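A.B. asks: Starting off with a structure, shown below.
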Amino acid sequence: MMEWITDKTGHFKLRPKYSHEDLEEICEAKMSTFLLSRHGDRDRIPTEDDLTTFLEALGVDLDLFANFESEEGWVQGVIDFSPTPPLVRIRQSLSEDRRYVNRYKFTLAHETSHAFLLQQAFALEGNVIEAKSPSFRSKGEMSSKSRYDWLENQADYCAGALLMSRRILELRIGARPELNSRPSIGSNEGQCLI
């Protein structure tokens, strides 16, 4: 269950805190409902077109051909909450160059996660810290910010859950094994792994 806690990173006065289970459930519900209504099939992997349509269905404006030349680092995506509706901008080369198709899908899913996870935090009266710009940038490399910033961590986790929910993963490869469990060497599973 989501709870409101003090945001020590300076984005908000209060921030939503979710467990990984909460994030899995939220992402599964949102994406499977969307895919079922769009395709009549909730058990499919979302395409790039599904992700852009899903973002637009959330009421977000979308620019798939953004130029980030003036930005520091290799910025891949940005969500700006200051305009209404929010604006997601994706690096032009990600949307045009098929070599980046997986990074493109992940960046779309990451920015989508920001769009729905932060909606309530922005809606709370007086919750946004004025000194900070209400925009968030996705960079290609793992930075200290993404490692320790709850906001980027949650968006990264949700991006994975939107692209491949635990339920879909288990449908395709079987149930998740218990932590610290290993097949014995003599078992069929153990022999397949060897």
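A.B. asks: Of everything in the stretch 6-52, what is at pLDDT 95 or above, of a type in the set (Val, Ile, Thr) and either farther than 19 Å from Ala123 by Cα or in contact with a Gly (Cβ under 8 Å, 6 or more places away or on another chain) (or both)? Give them in sequence order.
C.D. replies: Thr33, Thr47, Thr52
A.B. asks: List the residue pairs whose Cβ atoms are under 8 Å apart, where the first residue sits in the stretch 156-171 and is on the phi < 0 side of the Ramachandran plot, the second is open to solvent by 30 Å² or more (accessible area, probe 1.4 Å) and outside any helix (DSSP H, G or I), and the two are 6 or more positions apart or on different chains.
C.D. replies: As it stands, the answer is Leu163/Ile45; Met164/Ile45; Arg166/Arg176; Ile168/Asp43; Ile168/Ile45; Leu169/Arg176; Glu170/Arg176; Leu171/Asp43, since those pairs meet every condition given.
A.B. asks: Hey, another quick one. Going through the stretch 102-127 one residue at a time, which ones are farther than 24 Å from Thr6 by Cα and either touching a helix residue (DSSP H, G or I) at 6+ places or on another chain (Cβ under 7 Å) or of a type in the set (Gly, Ala, Ser) (or both)? Give the derivation first.
C.D. replies: Step one: filter the stretch 102-127 for residues farther than 24 Å from Thr6 by Cα, giving 102-109.
Correct list: Arg103, Tyr104, Lys105, Phe106, Thr107, Leu108, Ala109.
A.B. asks: List, please: which pairs have Cβ atoms under 7 Å, are six or more places apart or on different chains, and start with a residue in the stretch 99-128 that is closer than 15 Å to Arg15 by Cβ and open to solvent by less than 40 Å² (accessible area, probe 1.4 Å) and end with one that is among the basic types (Lys, Arg) and in a helix (DSSP H, G or I)?
C.D. replies: Going by the 7 Å Cβ cut-off, the qualifying pairs are Phe116/Lys30.
A.B. asks: Looking at the stretch 1-23 only, could you name the residues that are open to solvent by 30 Å² or more (accessible area, probe 1.4 Å), under 18 Å from the mean Cα position of the chain (by Cα) and of a type outside the set (Ser, Thr, Tyr)?
C.D. replies: Met2, Arg15, Lys17, His20, Glu21
A.B. asks: A further question follows. Read through the list (1) touching a Gly at 6+ places or on another chain (Cβ under 8 Å); (2) in contact (Cβ under 8 Å) with a residue 40 or more places away in the chain, then give the number of the only condition that Phe81 fails.
C.D. replies: The failed condition is (1).
A.B. asks: Please enumerate the residues belonging to the stretch 2-49 that are in contact with a Lys or Arg (Cβ under 7 Å, 6 or more places away or on another chain) and among the charged types (D, E, K, R).
C.D. replies: Scanning the stretch 2-49 gives Glu3, Asp7, Glu24, Glu28, Glu48.
A.B. asks: Hey, another quick one. Is it true that Leu162 is in contact with a Pro (Cβ under 9 Å, 6 or more places away or on another chain) and at pLDDT 80 or above?
C.D. replies: Details: in contact with a Pro (Cβ under 9 Å, 6 or more places away or on another chain): yes; at pLDDT 80 or above: yes.
Yes: the conditions hold for Leu162.
A.B. asks: What single numbered condition from (1) modelled with pLDDT under 85; (2) farther than 23 Å from Asp80 by Cβ; (3) exposed (fewer than 11 other Cβ atoms within 10 Å of the Cβ) fails to hold for Ala131?
C.D. replies: (2)
A.B. asks: List the residue pairs whose Cβ atoms are under 6 Å apart, where the first residue sits in the stretch 31-56 and is within 17 Å of Gly160 (Cα to Cα) and open to solvent by 70 Å² or more (accessible area, probe 1.4 Å), the second is in a helix (DSSP H, G or I) and not aliphatic (A, V, I, L, M), and the two are 6 or more positions apart or on different chains.
C.D. replies: What qualifies is Arg42/Ser32.
The values are calculated or read from the model by the stated rules, or taken from the named source; none is laboratory data. Predicted model only: the values in this text are computed from it and were never measured. No Cβ is skipped: glycine too gets one built from the backbone with ideal geometry, and neighbour counts run over all protein chains shown. Accessible surface is based on the protein model in full, side chains and every heavy atom, while ligands, DNA and RNA are left aside. Shrake-Rupley method; radii C 1.70, N 1.55, O 1.52, S 1.80 Å.
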